[in-house]
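Notes follow once the structure below has been shown.
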Amino acid sequence: MVTLHREVTAHLSRAADAVILETPYGFQVNRDDISTRAREYFRRSVSLATAVAPDAEIDGPSGEGGADKVRDRVRRAEWVFAGPGSPSYALGRWNTMRLGEILRERVSRGYGVTVMASAAACTVGFAALPVYEIYKAGHPPEWLPGLDLMSTLGLRVAVIPHYDNTEGGTHDTRLCYLGEPRLIALEERLPDDSAVLGIDEHTAVIVDLDTSLVRVWGRGTMTIRRKGISTPVFGGTTLPLEQLRGLVRGTPSAAVPPSRRSPEDAGDVAHRSGDDAATLQEAFAAAELRFSAAQKARDAARMADVAVELESVIAAWSADMEEDLGGEGARTVLHGMIRRLAGAAGRGLCEPERTLGRIVTPLLELRTRLRTGGPTSWPMWCARPWQPVASRSATQHRAASDGGKGKSTTSRPVPVRKRRRCDPFRLNCASAYGLQ
């Protein structure tokens, strides 16, 4: 998602106040490591300097003052990001800190950029999905009250990210690990004027409040689901915000415009660079294709460049806050590239000894024998057609041919064929390598 992050931050100044909310993953013992990696990712890949707003404890050493500082920081920040973790934990902490009020205010007044991804995206609707409790702990399916940021846009929705997840393999983990049967049960509890807004993985829904336009970015789809009926809005589609409101309400006239994918949203995987790929899998698949093409063209420098680029891409993705499958696969492809480079280099180092080394010595011996008295039947002369090596007049030429009885006339050059001694070694080498 590097390209998207660069796009939404392009208008920010270098000194912009950018904040990462720690709360969604604040319960994890490695939260400091996650924060460090997130800051490094945005610094290196997006050129954005960020600060982390801690998961402040009201009853801790910092007291209410700590939460108040976080609220003030988030309210004034030009860019706010919240990502993976636990939706239910984030909701509980943000309600306690009264940070949900600040986030709603940011959206209602259209201030700055607010990015909610993965677990944080689950919280932005009027109803939120407690993923861990249902999928991991076996709690019965139920909705939690959400932050309801979307209602400020006129959208009464429950947002479900990871809508097309397939990690389960043999069991259904679509719909953010919920699965179809449990979503059907939860849909019955939604009000008639509401809908589920599903967002596929490696996909984003961008709401521009200045233009009142909604754009679906990425390789996947935004899905509006009402009472079991889904309306897909494909990546690359831009539609008015009012039209999206109609889809949520079930207005019959709210038709979806056809997809108009831009180069950033879609394209031939083989021609995508690491930065433009929507997933790490796409990045290393494209790199493998470019490497094979360079190997076929015997372009060693390009092969090395692709391997180095893939290593940089793996490093960049490893710093991404959102967990992304494909790390092991990417490293396997990179290791394969290194082995193929080593094989090509090994063949190149051995080539002179294995091929030319076996024929040079006999040929040198042959040349020595021929030069010191080889067979007289070898062709020792060769003709080169019509090289003017001497200049004789036409009269001299006729005199030479009629015994010197011709009359003198105006002289003009006559070309004479020149013969030179040839080296049989050179003749045979030229023949052997097709150079004659």
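The values are calculated or read from the model by the stated rules, or taken from the named source; none is laboratory data. Computed from a prediction, not measured in an experiment: that's the story for all the values here. With ideal geometry, Cβ positions are generated from the backbone for all residues, glycine too; neighbour counts draw on all protein chains shown. We work out accessible area using only protein heavy atoms, side chains counted, and drop any ligands, DNA or RNA first. Shrake-Rupley method; radii C 1.70, N 1.55, O 1.52, S 1.80 Å.
Can you report the number of residues in the stretch 129-150 which are over 21 Å from Thr96 (Cβ atoms) and modelled with pLDDT of 95 or more?
1
For the stretch 32-48, enumerate the residues that are open to solvent by less than 80 Å² (accessible area, probe 1.4 Å) and either in contact with a helix residue (DSSP H, G or I) (Cβ under 6 Å, 6 or more places away or on another chain) or of a type in the set (S, T, N, Q) (or both).
Across the stretch 32-48, the qualifying residues are Ile34, Ser35, Ser45, Val46, Leu48.
Criterion first (part of a helix (DSSP H, G or I) and touching a strand residue (DSSP E or B) at 6+ places or on another chain (Cβ under 6 Å)) does Arg106 satisfy it? I'd like the intermediate steps shown before the answer.
Numbers: part of a helix (DSSP H, G or I): yes; touching a strand residue (DSSP E or B) at 6+ places or on another chain (Cβ under 6 Å): yes.
Yes.
Matching residues to (1) in a helix (DSSP H, G or I); (2) of a type in the set (A, V, I, L, M):
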| residue | (1), (2) |
| --- | --- |
| Thr114 | no, no |
| Ala137 | no, yes |
| Pro141 | no, no |
| Leu147 | no, yes |
| Ser151 | yes, no |
| Asp164 | no, no |
| Ile184 | yes, yes |
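Residues checked against (1) within 30 Å of the chain's Cα centre (by Cα); (2) in contact (Cβ under 8 Å) with a residue 60 or more places away in the chain; (3) crowded, with 19+ Cβ neighbours inside 10 Å:
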site	(1), (2), (3)
Cys176	yes, no, yes
Pro181	no, no, no
Glu187	no, no, no
Ala195	no, no, yes
Asp208	yes, no, no
Ser212	yes, no, no
Arg215	yes, no, yes
Arg219	yes, yes, yes
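Among the numbered criteria (1) free of Cβ contacts under 8 Å to residues at least 24 places away in the same chain; (2) open to solvent by less than 60 Å² (accessible area, probe 1.4 Å); (3) of a type outside the set (S, T, N, Q); (4) over 24 Å from Leu280 (Cα atoms), which one does Pro191 miss?
(1)
Scanning for something more than 21 Å from Asp208 (Cα to Cα) and buried (at least 20 other Cβ atoms within 10 Å of the Cβ), does the stretch 120-128 turn up at least one residue?
For the stretch 120-128, residues more than 21 Å from Asp208 (Cα to Cα) and buried (at least 20 other Cβ atoms within 10 Å of the Cβ): present.
Search the stretch 136-159 for residues that are without any contact (Cβ under 8 Å) to a residue 12 or more places away in the chain and pair each with any residue that is surrounded by fewer than 19 Cβ atoms within 10 Å (Cβ to Cβ) and aliphatic (A, V, I, L, M) when their beta-carbon atoms are under 9 Å apart and the residues are at least 6 apart or on different chains.
Pro140/Ala185
Looking for something at pLDDT 75 or above, farther than 27 Å from Asp210 by Cβ and surrounded by fewer than 16 Cβ atoms within 10 Å (Cβ to Cβ) - is there at least one such residue anywhere in the stretch 229-247?
yes
Name the residues in the stretch 62-95 that are surrounded by fewer than 15 Cβ atoms within 10 Å (Cβ to Cβ) and within 21 Å of Ala127 (Cβ to Cβ), would you? Full working, then the answer.
So the first thing to find is which residues in the stretch 62-95 are surrounded by fewer than 15 Cβ atoms within 10 Å (Cβ to Cβ), and the list is 63-65, 69, 72, 76, 92, 95.
Gly92, Asn95, listed by residue number.
When you look at Thr221, is it closer than 20 Å to Gly154 by Cβ and of a type in the set (Ser, Thr, Tyr), yes or no?
no
Considering the stretch 1-46 alone, what residues qualify as being under 27 Å from Val131 (Cβ atoms) and among the basic types (Lys, Arg)?
Arg31, Arg37, Arg39
Checking Met97 against (1) farther than 28 Å from Arg226 by Cα; (2) in contact with a strand residue (DSSP E or B) (Cβ under 8 Å, 6 or more places away or on another chain), only one condition comes out false. Which one?
(2)
Quick test of your reading of the structure: Ala255 fulfils all but one of (1) open to solvent by 20 Å² or more (accessible area, probe 1.4 Å); (2) outside any helix (DSSP H, G or I); (3) at pLDDT 90 or above. Name the failing condition by number.
Answer for Ala255: the failing condition is (3).
Looking at the stretch 118-140, can you tell me whether even one residue there is under 23 Å from Glu7 (Cα atoms) and among the β-branched types (Val, Ile, Thr)?
yes
For the stretch 78-96, which positions are closer than 13 Å to Thr23 by Cα and in contact (Cβ under 8 Å) with a residue 60 or more places away in the chain?
Of the stretch 78-96, the ones closer than 13 Å to Thr23 by Cα are 80-96.
Result: Val80, Phe81, Ala82, Gly83, Pro84, Gly85, Ser86, Pro87, Tyr89, Ala90, Arg93, Trp94.
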